[in-house]
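Throughout, read-outs are computed from the coordinates displayed, never taken from laboratory work. Computed from a predicted structure; not experimentally measured. Because the Cβ atoms are built from the backbone with ideal geometry, glycine has one as well, and the counts that use them run over all protein chains shown.
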Amino acid sequence: MRVELHKQIDASYDILIEPGLFEHIPNHLKRDPIGNKYAIITDSNVRRLYGDKLLSGLTGEGIDAHLIDFSAGEESKNLNTLGYLASQMVNNGLDRKSAVIALGGGVVGDVAGLVAATYMRGIDYIQVPTTLLAQVDSSVGGKTAVDLPEGKNLFGAFYQPKAVYIDPNVLLTLPDRRLRNGMAEVIKYGVIYDREFFEYLENNVGKIKRLDSEALTHIIYRSCEIKADVVKKDPREENLRSILNYGHTLGHAEEMCRGYKILHGEAVAIGMNFAGALAVEMKFWQEEELKRQNKLIKSFDLPLKPEFGPKELIKTMYHDKKAESGRIMFVLPESIGKMVAIDGKYRIPVSEKELMSVLCSLV
């Protein structure tokens, strides 16, 4: 006996980017509802800044909505938080026709997205990212996950949102460190995909730091455009999408070793320096381009060197979900705007000897 199931899904969605957009989300959902009621999931910091405001706007439009928050920080990105949120949704009467609004940074988006993916076997959700990192990276592409003690993002699912609402104006309340944190992912897009965009970043450091509205809107739009293009070609990270992990293999190890006391973008900046140096060591990349990358990273006051020793970092990298058959895999640049592919494959195995050599040169 065979059960014939042919799955065909149109998971397309719109990303709306506009200064001042946040104020209009309730009206958008009134005109074009996604659920019969909504769970606004946020953290304790964002609730104070935007959560109550969004709830008030929705209820003012006659929309049934409930606000659920959890403690801010990576340490809340776990299975306990997932269970707590699901129980709160049950208690607030959300059903299979309801929807989740993920309001916050990357942690909120990952956790709320996974709740939506699993609650009653999957309900719709919307991303409303409030940090630069979430606006340019984690809110787009449908990666949802929580951390396990053994590693970062090991328990998750690919689950696309129904819409993403991005308002650059919400970044005006963002602490400087959080803005710099997001710039690591923005710089990454230039290195992996778009040399012209990289050059734009080099030429507009001052404007971006001053939170110039036009510059912010441009870097958010282009970053989302690049990620959307990559995700469209490889939605489940079978090959090309892995280039989005540039800097993340060592970056995730640094995060884990530091007990998540370092921000994700800061760890990715360190990982980009390491992966870039590895590419130079393996004769894929020119040292002059590595220096250009690192100069741009430093211009946003991001770190470049890991704090932990080579042995501990290598041991932790073996637990990364991108490891394959006991081998540590990296994506590496060939030039600014282009990544190395060997026999059409972007994931490249790197030996412990090569890793040790480059790590020892950095610490």
*Once the Cβ-Cβ distance between residue 232 and residue 154 is put in as r, and R0 is 30 Å, what FRET efficiency do you end up with, to the nearest 0.05?*
0.70
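Taking all pairs of different Cα atoms in segment 116-190, averaging 1/r and flipping that mean, what Kirkwood radius in angstroms comes out? Intermediate results must be reported in sequence, preceding the final value.
Numbers: mean 1/r = 0.0728 Å⁻¹.
When all Cα pairs of segment 116-190 are included, the Kirkwood radius is 13.7 Å.
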*If we count every other residue with Cβ under 10 angstrom of residue 185's Cβ, Lys/Arg +1 and Asp/Glu -1, where does the sum land?*
+1
*Given 20 °C and 1.002 mPa s, how large is the Stokes-Einstein diffusion coefficient of segment 14-172 in µm²/s, with Rh as the Kirkwood radius over Cα pairs?*
141 µm²/s
_FRET efficiency estimate (nearest 0.05) - Cβ-Cβ, residue 239 to residue 92, R0 51 angstrom_ = 0.80
*How big is the convex hull of the Cα atoms of segment 44-92, per residue, in Å³?*
64 Å³
*Using only Cα atoms, locate the centre of segment 11-40 and the centre of segment 122-183, then give the distance between them in Å, rounded to an integer.*
16 Å
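At a threshold of 8 angstrom on Cα-Cα distance, excluding pairs fewer than six apart, so keeping six or more, what relative contact order does the chain reach in percent?
Numbers: 655 pairs, mean separation 53.1, N = 363.
Across the chain, relative contact order equals 15 percent.
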*Neighbour-limited loop hits for trypsin sites (Lys or Arg not before Pro), segment 262-310 (at most 13 other Cβ within 10 Å; DSSP other than H, G, I, E, B)*: 283
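Using 20 Å as the Cα-Cα cut-off, could you pick out the over-long pairs in 77/188; 209/295; 295/315; 298/345? Write down the numbers at each step before the final one.
On the way: 77/188 24 Å; 209/295 15 Å; 295/315 29 Å; 298/345 31 Å.
Checking Cα-Cα distances, 77/188; 295/315; 298/345 exceed 20 Å.
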*Run a plain Debye calculation on the chain (Cα atoms as equal point scatterers, no solvent) and give log10 I(q)/I(0) at q = 0.13 Å⁻¹, rounded to two decimals, same order as the q list.*
-1.01
_At 0.36 nm per residue, and after removing the present C-alpha to C-alpha distance, how many nm does the segment from residue 361 to residue 318 gain when stretched out fully?_
13.4 nm
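Cut-off is 10 Å between beta-carbons; in what order do 1, 183 appear when sorted fewest neighbours first?
Details: 1 2, 183 25.
Listing 1, 183 from fewest to most nearby Cβ atoms yields 1, 183.
If R0 is 45 Å, what FRET efficiency do you get for residue 217 and residue 64 from their C-beta distance, rounded to 0.05? Intermediate values should be presented prior to the final figure.
Details: r = 33 Å, r/R0 = 0.72.
According to the calculation, E is roughly 0.85.
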*Non-local amide H neighbours of residue 143 (under 5 Å, H modeled in plane, Pro and chain starts lacking H): which ones?*
159
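I want the antiparallel fraction of DSSP beta bridges within the chain, as a percent rounded to 5. Each step should come with its number before you reach the end.
Numbers: 12 of 34 bridges.
DSSP beta bridges in the chain are roughly 35 percent antiparallel.
Test of understanding: given the chain, find the longest segment containing no GluC sites (Glu not before Pro) that are in a DSSP loop and have at most 11 other Cβ atoms within 10 Å. Don't skip to the end; give the middle numbers.
Details: sites that count: 4, 150, 238.
Between the exposed loop sites, the longest stretch runs 5-149.
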*How long is the gain from residue 8 to residue 298 if the chain were fully straight, where each residue apart is worth 0.36 nm and the alpha carbon distance is subtracted?*
99.9 nm
